[in-house]
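See below for the structure under consideration.
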Amino acid sequence: MPTDSARLHAVFDLAMRIGEGLLTNGAAASEVTATVLRVTSSSGLRNVSVQVTFNEVTISYLADESATPFTRVRSAGERVQNFARLAAFEDVSHQYIGGQLDLAEARQRAAAIPQEPSLYRLPLVIVAFAMMGGAAALGFGAGSLVVLAATLAAGILIGLGELLARWSIPPFYGQALGGFIAVSMAVIVALLDTTANPSIVVVSCIIVQLAGLSSISAVQDAVTGWYVTAAGRVLETLMLTVGIVAGVRAGILVADLIGADISVTASMPLTLTTALVVVVSGVGIGLGFGIGTQVPARLLVIGSGIAALAALLDHLLVAGVGLDRSFSVGIVAFITGILATALSDVLRAPALAFVMCGVIPLVPGSRIYRGLLGLGDDLSVGVSELLVAGEVAVAIAAGVVLGQLVAARIMPRFRRTAIAYTPAISAPFTTLRRRRSSLGLARRRRRPGPAVAEPSTMTSEMTALSPAMFEDPALLADLDPPAGFEDPPGPREQREEHP
């Protein structure tokens, strides 16, 4: 399809804005690449290459073998968790691909998204995260004093973190300050009431601080082959976690000097009453996190329900069945990944919002705190606890990604819409033969009904097209391989030819 220079610049501008918006708001590299390629493909551009790294999106286009490549690079801004903006960018991309928006309107809307005010103001965000800290403490069986202290500590550390961010101070120091505030509040509780369990304050604050990290997207990038982006996200998560460790360790040293006991006690036993408390805690955690990360109001109830379900299932598997924590969180995370992917397609919403709400109750905050306490008493015990916490974290992320992979294979059999809302997880490249199957042509031959344009992340070819193109034979013919081209046989075909 011929493309003039002005239109080429316009298409690339739209694709760049959408790619940057998705990347800065937590989307995995495979999803960013798939969406960008769907935008360029629906604009009629072939031979488009997209490269996504930790903080950069690169798009290159080659019109033909004799043309000069056209390449643009855009650096991503500061990474945040704003699911309202993530949903807005996905809406623009899908409306443009589906034909509801023309190129000029899509560019205008994509450019306006970062300029729009936040869905929830900063005071409400601080209150929401404070409520999340209190709800987490309630889930551990804390009394009223500890719940109040956890609520205040979470609100203070989030408020100071926002203040440091406005002063352009790296988030590492904000995490360290938050860890110190958590232990300081626990020390105050220990001095006020010697019968209370002040360690729950620290554990709850650790959960609040870890909630915003990109470990899920990091593991998704790693298992789907996007190793450069995964390495960057893992390192970012590690450094921010080290900041929490530094702050907590400093607070523990102060507690030892004062003589306050902030050790961890046994967890809450399983009864009908505690199960109800866990459900209420999960609802509070999901609601607080949803408001704090700008989840649209229509999705808050569902996100809270997923958080409550995840908290209850984990509580039943660990306290009731006696399953090892790593296996229990992996199972719950797997279920969460399936539910999140299915709900995102039905509700036309980002799956990441549901995923994050569901995995927060599974964060191993108590394990991390036990490990930090052990580092001062018995180094081997502390390291062992931290390694177990890392194992639980990996189990959470891997379970979520596996659930999304399974759902991505199941959902197309039930979906009746023309284009999937959330890009499927796929590898960084695919073959020319698989391009045709990614467009739903093979599925159209297998069963009646409209073809489903499934996304696919490819580095040198077009991917998903607008559903209107399936009705034009001339455009479909363009999808066939060039004359004389033979796609190399796959391993299965080679075995059939050479038994």
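The values are calculated or read from the model by the stated rules, or taken from the named source; none is laboratory data. Keep in mind the model is a prediction, meaning the values are calculated, not measured. Cβ atoms come from the backbone with ideal geometry, glycine included; neighbour counts cover every protein chain shown.
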Condition check for ILE338: within 19 Å of GLY284 (Cα to Cα) and at pLDDT 85 or above:
no
Can you tell me which residues in the stretch 76-104 are under 28 Å from the mean Cα position of the chain (by Cα) and free of Cβ contacts under 8 Å to residues at least 24 places away in the same chain?
GLN95, GLN100, LEU101
Tell me which residues, restricted to the stretch 140-156, are under 16 Å from ALA211 (Cα atoms) and touching a residue at least 40 places away in the same chain (Cβ under 8 Å).
ALA150, ALA153, ALA154
Tell me, which residue of the stretch 49-78 that is in contact with a Gly (Cβ under 8 Å, 6 or more places away or on another chain) and surrounded by fewer than 19 Cβ atoms within 10 Å (Cβ to Cβ) is farthest from LEU240 (Cα to Cα)?
ARG74
Taking into account only those residues within the stretch 139-160 that are assigned to a loop (DSSP other than H, G, I, E, B) and surrounded by fewer than 24 Cβ atoms within 10 Å (Cβ to Cβ), which is farthest from the chain's Cα centre (by Cα)?
GLY143
Hey, can you tell me all the residues within the stretch 33-89 that are of a type in the set (Ser, Thr, Tyr) and either over 17 Å from LEU14 (Cβ atoms) or part of a strand (DSSP E or B) (or both)?
SER49, THR53, THR58, SER60, TYR61, SER66, THR68, THR71, SER75
Long-range neighbours under 9 Å by Cβ, at least six apart or interchain, first residue under 16 Å from VAL92 (Cβ atoms) within the stretch 32-53, second of a type in the set (Lys, Arg) and not in a loop (DSSP other than H, G, I, E, B):
SER43/ARG7
Considering only helices (runs of 4 or more DSSP H) wholly within the stretch 161-263, the ones with at least 3 residues that are more than 24 Å from the chain's Cα centre (by Cα) and of a type outside the set (A, V, I, L, M) are 227-258
Which residues, taken from the stretch 65-103, are among the charged types (D, E, K, R) and more than 20 Å from MET356 (Cβ to Cβ)?
GLU65, ARG72, ARG74, ASP102
Identify, please: which residue in the stretch 18-32 is modelled with pLDDT under 85 and in a loop (DSSP other than H, G, I, E, B) and is, among those, nearest to SER217 (Cα to Cα)?
ALA28
Conditions (1) closer than 19 Å to ALA222 by Cα; (2) modelled with pLDDT of 70 or more; (3) crowded, with 22+ Cβ neighbours inside 10 Å -> PRO423 fails only (2)
For the stretch 90-130, what are the residues that are closer than 30 Å to ALA153 by Cα and either among the basic types (Lys, Arg) or not in a loop (DSSP other than H, G, I, E, B) (or both)?
ARG121, LEU122, PRO123, LEU124, VAL125, ILE126, VAL127, ALA128, PHE129, ALA130
Within the stretch 330-360, the residues that are of a type in the set (Val, Ile, Thr) and either under 10 Å from the mean Cα position of the chain (by Cα) or under 20 Å from LEU316 (Cα atoms) (or both) are ILE331, VAL332, ILE335, THR336, ILE338, VAL355, VAL359, ILE360
Can PRO117 be described as over 23 Å from the mean Cα position of the chain (by Cα) and either under 17 Å from VAL295 (Cα atoms) or β-branched (Val, Ile, Thr) (or both)?
no
